[in-house]
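Only one structure is covered here, and it is reproduced in the block below.
The values are calculated or read from the model by the stated rules, or taken from the named source; none is laboratory data. For clarity, every value in this text was computed on a predicted model and none was experimentally measured. Positions of Cβ are generated from backbone atoms using ideal geometry, with glycine treated the same way; all protein chains shown enter the neighbour counts.
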Amino acid sequence: NTGDNGPEDSVSAVKFSPSSAQFLLVSSWDCTVRLFDVSANSMRMKYQHLAPVLDCAFYDPTHAWSGGLDSQLKTHDLNTDQDTIVGTHDAPIRCVEYCPEVNVMVTGSWDMSVRLWDPRTPCNAGTFTQPEKVYTLSVAGDRLIVGTAGRRVLVWDLRNMGYVQQRRESSLKYQTRCIRAFTNKQGYVLSSIEGRVAVEYLDPSLEVQKKKYAFKCHRLKENGIEQVFPVNAISFHSVHNTFATGGSDGFVNIWDPFNKKRLCQFHRYPTSVASLAFSTDGSLLAIACSYMQEQGDVSHPADAVFIRQVTDAETKPK
Amino acid sequence: MGRKKKKQLKPWCWYCNRDFDDEKILIQHQKAKHFKCHICHKKLYTGPGLAIHCMQVHKETIDAVPNAIPGRTDIELEIYGMEGIPEKDIQDRRRVLEQKSQESQKKKQDQDDSDEDDDDDEAGPSSFQQPASQPQAAYMPPMTQAGMHPGPQAQGMPRAGYAGVHVNSLKYMMPMRGMMPPGPAMPPMMPGMPPGMPPHVARPGMPPMAPAAPITAPRMASRPAVPATQSAASKPLFPSAVQAQQTVLGLSSTTSDSPKVTFPAYTQPSSTPSVAASSSTVAKPPATVTSKPAILTTLIAAIVLLHPDEDISLEERRAQLPRYQRLIPRPGQTAAAAASAPPSGAVGGMIPSQQVIPPQQPGMRHPIHGQYGGPPQGMPGYMGGGMPPYGQSAPMVPPYQSGPPGPPMGIRPPVMSPGSRY
């Protein structure tokens, strides 16, 4: 779906532009970050890192930020096609996100820190140690939810980073794969490598905490064997507060967390789903399919990004 | 009648043993007679509430509930209407009532008799009392056991987190709390069952064993079992995925279904929501209980986690591959340092000796489409110095092709069971 100008190695992340469903940022293990015009199915721009890029994000419609194994945080001006190295971490950067409410870029790294960056200057705005390597993070309003190795989850107040607001442990037994905050910011969804997703709430009060739950997903039963797949990607629909999950089984499911129902499942994709992104208007879902070396170095289908138009029937609670 | 299981007794006041037709009237009575402050006449809601009020407002302590009969004056017991009454007293009350009703029956029969029979009547109640209490006692043990098991199970579950699926029904929002009520609620429920329910009476023997299996049986197995007990409840809750998600971990699911089947008729809406959910939203579980054991135990022979190494993430593992390692700029790195951490990882530093790789590590290289031609492309506009020309020396690893065995790598057969995280 991304045509001949697609990434030449696995896709690590896909993100839609905040202002338009037309533009998609794609970061890849081929060390590039590419900007695609999805309506024209063409690549508009591409820039390089020294090493595989693990995550990317838009600061605004004209600035892309990205980081990866080279530990360098870069921003690229999409108008002028110019790079800037904003700063570094001490180990590969795993996550790059933007917080509009506080107007700050957030990065998480295997160096066990989260760093904030002022996007305008741009420059570093603080380094905050986490208990473990950062695997995933998500912004909920003015709060930051960080998922680290060792199944730790930390909630930070981005306006007051002097202390951790909440320290939690993942309610799932296996390694945390992805965390995404609800569109309504009341909670977050956490997925693990063991075909399971937990729906959690941020309000620590007992009545709210009782609502949390978890469910199994992305599992295949055949021939007396149950295969359990990592759930690599989560993305929330911007309007309906429903979310999609993508796993290494190649399936994408869309869930309604409040009615606790699955809304739909797409046909099986040729290989693992590495990343998912709903467009800001909720009309499109970008599905990055890349083999993620779950089974070592074996031959596998080509990497691709699929853009799928989603309907209300598929994404809206019933 | 939602509460019939808990109290078949008419409402009565624990403090003074008076009977009432309606719990509302009972509560009014309690507020007026037992929970009324003698100083300011304010009516509180409970005994402790009254005590606190007197202390805070009047600086006075009270040690007994006003107008209560001896033995029932405990100010610290939180009783409201019929709620909070200690089990023992409920049973005492029942027994007393039964005595009374049998006594009055006997009296009716003996109405024509002379006064001598009054002595017999006195003997009568006591002789009735024992048989009456025995059946109750007989029912108690299985019930307390059954009551206990959800207890520790419920405790285990919050502690263990949501190891399993806790997707409870639409109607019931409290997955965890749902497990607690069956604890205290079940014993009172059970005595209600025996009349005319012999097959179910026999069943209570099973549930204590069944939950025991997931709970007391190895802690390790309990983890998969615990999710299994919930997984049965989870099935209806993502209906479109019911088939795909009926992943049940071996035997435990079968046993967990039996308590769910026996209790649905006796479950209050407020307790065991998972049970009610499974019986109300999906008709299948009760109907298929008997067939389930046969199907499920043969269905799942192995559970395979398609993730190579639990300690590091997929990206970290991939980053250790040599073709990426050489791209990472670092000041005089040592391959060993970079590839150290997990014992099964460390591909980077071990290129020469890759024959000895543990099965999980893929030793082979498979030249993937255009991989090595990648990096040097697209150099324009690239800041921060040129790319080291590693990309050019494409065949960096001798075509290893040490064929890994047919089954995909990284599979460990019974991953779900025990140990590591549990």
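One residue stands out among those in region B:22-54 that are small (G, A, S) and within 40 Å of the chain's Cα centre (by Cα): the one that is surrounded by the fewest Cβ atoms within 10 Å (Cβ to Cβ), which is B:G49. Criterion first (modelled with pLDDT of 95 or more and either surrounded by 17 or more Cβ atoms within 10 Å (Cβ to Cβ) or of a type in the set (A, V, I, L, M, F, W, C) (or both)) does A:I193 satisfy it? No; evaluated as a whole, the condition is false for this residue.
Among the residues of region A:264-273, some residue qualifies, meaning at least one is within 11 Å of chain B (Cβ to nearest Cβ) and in contact (Cβ under 8 Å) with a residue 40 or more places away in the chain.
Applying the condition of being among the hydroxyl-bearing types (S, T, Y) and not in a strand (DSSP E or B) to region A:56-95 and asking which residue is farthest from the other protein chains (Cβ to nearest Cβ) yields A:T62.
Considering only region A:243-253, state which residues are more than 10 Å from chain B (Cβ to nearest Cβ) and either closer than 9 Å to A:T183 by Cβ or crowded, with 24+ Cβ neighbours inside 10 Å (or both). A:F243, A:A244, A:T245, A:G246, A:V252 - these are the residues of region A:243-253 that are more than 10 Å from chain B (Cβ to nearest Cβ) and either closer than 9 Å to A:T183 by Cβ or crowded, with 24+ Cβ neighbours inside 10 Å (or both). Look at (1) buried (at least 24 other Cβ atoms within 10 Å of the Cβ); (2) closer than 28 Å to A:T280 by Cα and you find that A:D203 fails only one, number (1). Is region A:104-120 home to any residue that is buried (at least 23 other Cβ atoms within 10 Å of the Cβ), assigned to a loop (DSSP other than H, G, I, E, B) and either assigned by the TED database to the domain that holds A:P204 or in contact with a helix residue (DSSP H, G or I) (Cβ under 6 Å, 6 or more places away or on another chain) (or both)? Within region A:104-120, none of the residues are buried (at least 23 other Cβ atoms within 10 Å of the Cβ), assigned to a loop (DSSP other than H, G, I, E, B) and either assigned by the TED database to the domain that holds A:P204 or in contact with a helix residue (DSSP H, G or I) (Cβ under 6 Å, 6 or more places away or on another chain) (or both).
Taking the criterion of being out of contact with any Ser or Thr (no Cβ under 8 Å at 6 or more places or on another chain) and hydrophobic (A, V, I, L, M, F, W, C), would at least one residue in region A:252-261 satisfy it? Within region A:252-261 (the criterion being out of contact with any Ser or Thr (no Cβ under 8 Å at 6 or more places or on another chain) and hydrophobic (A, V, I, L, M, F, W, C)), the answer is yes, since at least one residue qualifies.
In region A:283-293, the condition of being more than 12 Å from chain B (Cβ to nearest Cβ) and hydroxyl-bearing (S, T, Y) is met by at least one residue.
If you go through region A:128-142 and keep only what is surrounded by fewer than 16 Cβ atoms within 10 Å (Cβ to Cβ) and hydroxyl-bearing (S, T, Y), you end up with just A:T129. Of the residues making up region A:210-240, those that are within 12 Å of chain B (Cβ to nearest Cβ) and more than 21 Å from A:S272 (Cβ to Cβ) number 6.
Yes/no per residue for (1) of a type in the set (D, E, K, R); (2) free of Cβ contacts under 8 Å to residues at least 40 places away in the same chain; (3) farther than 21 Å from A:F251 by Cα:
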{"residue": "A:I193", "(1), (2), (3)": "no, yes, no"}
{"residue": "A:V208", "(1), (2), (3)": "no, yes, yes"}
{"residue": "A:K211", "(1), (2), (3)": "yes, yes, yes"}
{"residue": "A:H218", "(1), (2), (3)": "no, yes, no"}
